[in-house]
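For reference, the structure is listed below as structure tokens.
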Amino acid sequence: MVTIKDYKRRESKKGGEFFVLVLQGAVVPVKSKANGRTYFTAKTCTVSSTFDEDTCKEVIGMQFPGTIVRVPTEPYEFAIPETGEIITLDYRWEYQDNTEEMISENVLEDSEVN
């Protein structure tokens, strides 16, 4: 299960505004490579939405079936918010639905709409 924990406002490439939902997966134990101690964490990711801000506020706390999985990507630089340190990553976290009842939607490109 994943839980909607928050939302964030984003700007599209065309200058418009939209909102993403912040999802959090289950709590899992992880063993530190540095000291061998176990700690608990939960993976998070963001998913685009078609919601307005009021709806985003209303859905916080809702749960959905699925998990957050690590997906390989081309390497990119990332600044750690707490320290400002810049690191290179080659993955991202992504929501993966594990049900077969998803609604699929065909989205037309602007050039296809007359």
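The values are calculated or read from the model by the stated rules, or taken from the named source; none is laboratory data. What you see is a predicted model; the values in this text were computed from it and never measured. Heads up, the Cβs are rebuilt from the backbone with ideal geometry, glycines too, and the neighbour counts pull from every protein chain shown. The protein model used for the area step is the full one, side chains on, heavy atoms only, and it has no ligands, DNA or RNA in it. Shrake-Rupley method; radii C 1.70, N 1.55, O 1.52, S 1.80 Å.
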- request: Kindly list the number of the only condition in (1) closer than 23 Å to Arg92 by Cβ; (2) surrounded by 11 or more Cβ atoms within 10 Å (Cβ to Cβ); (3) free of Cβ contacts under 8 Å to residues at least 60 places away in the same chain that fails for Lys57.
  value: (1)
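Restricting to the stretch 15-27, count the residues that are more than 17 Å from the chain's Cα centre (by Cα) and open to solvent by 40 Å² or more (accessible area, probe 1.4 Å). Give the derivation first.
First, pick out the residues of the stretch 15-27 that are more than 17 Å from the chain's Cα centre (by Cα): 15-17.
Imposing the further condition that a residue be open to solvent by 40 Å² or more (accessible area, probe 1.4 Å) reduces the set to 15, 17.
Qualifying residue count for the region: 2.
What about Tyr76, is it open to solvent by less than 50 Å² (accessible area, probe 1.4 Å), out of contact with any His (no Cβ under 7 Å at 6 or more places or on another chain) and not β-branched (Val, Ile, Thr)? Let's see the steps before the verdict.
Working: open to solvent by less than 50 Å² (accessible area, probe 1.4 Å): no; out of contact with any His (no Cβ under 7 Å at 6 or more places or on another chain): yes; not β-branched (Val, Ile, Thr): yes.
Criteria not met by Tyr76.
Would you mention how many residues in the stretch 28-54 are of a type in the set (S, T, N, Q) and open to solvent by 80 Å² or more (accessible area, probe 1.4 Å)? Don't jump to the end; show me each part of the working.
In the first step, residues of the stretch 28-54 are kept if they are of a type in the set (S, T, N, Q); the result is 32, 35, 38, 41, 44, 46, 48-50.
Checking which are open to solvent by 80 Å² or more (accessible area, probe 1.4 Å) leaves us with 35, 38, 48, 50.
Selection size over the stretch 28-54: 4.
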- request: Among the strands (runs of 3 or more DSSP E) lying completely within the stretch 1-81, list those that include at least 3 residues that are polar (S, T, N, Q).
  value: 44-48
- line: Filtering the stretch 86-110 down to residues that are at pLDDT 90 or above and of a type in the set (Ser, Thr, Tyr) yields Thr88, Tyr91, Tyr95
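When the stretch 82-98 is examined, which residues are found to be open to solvent by less than 70 Å² (accessible area, probe 1.4 Å) and either part of a strand (DSSP E or B) or on the phi > 0 side of the Ramachandran plot (or both)?
If we filter the stretch 82-98 for residues that are open to solvent by less than 70 Å² (accessible area, probe 1.4 Å), which is where we start, we get 84, 87, 89, 91, 94-95, 97.
Those that are open to solvent by less than 70 Å² (accessible area, probe 1.4 Å) and either part of a strand (DSSP E or B) or on the phi > 0 side of the Ramachandran plot (or both): Gly84, Ile87, Leu89, Tyr91, Glu94, Tyr95.
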The stretch 19-46: number of residues that are modelled with pLDDT of 95 or more and of a type in the set (A, V, I, L, M, F, W, C): 6
Residues of the stretch 15-48 classified as farther than 19 Å from Thr67 by Cβ and either in contact with a helix residue (DSSP H, G or I) (Cβ under 9 Å, 6 or more places away or on another chain) or among the small types (Gly, Ala, Ser) (or both), total: 6
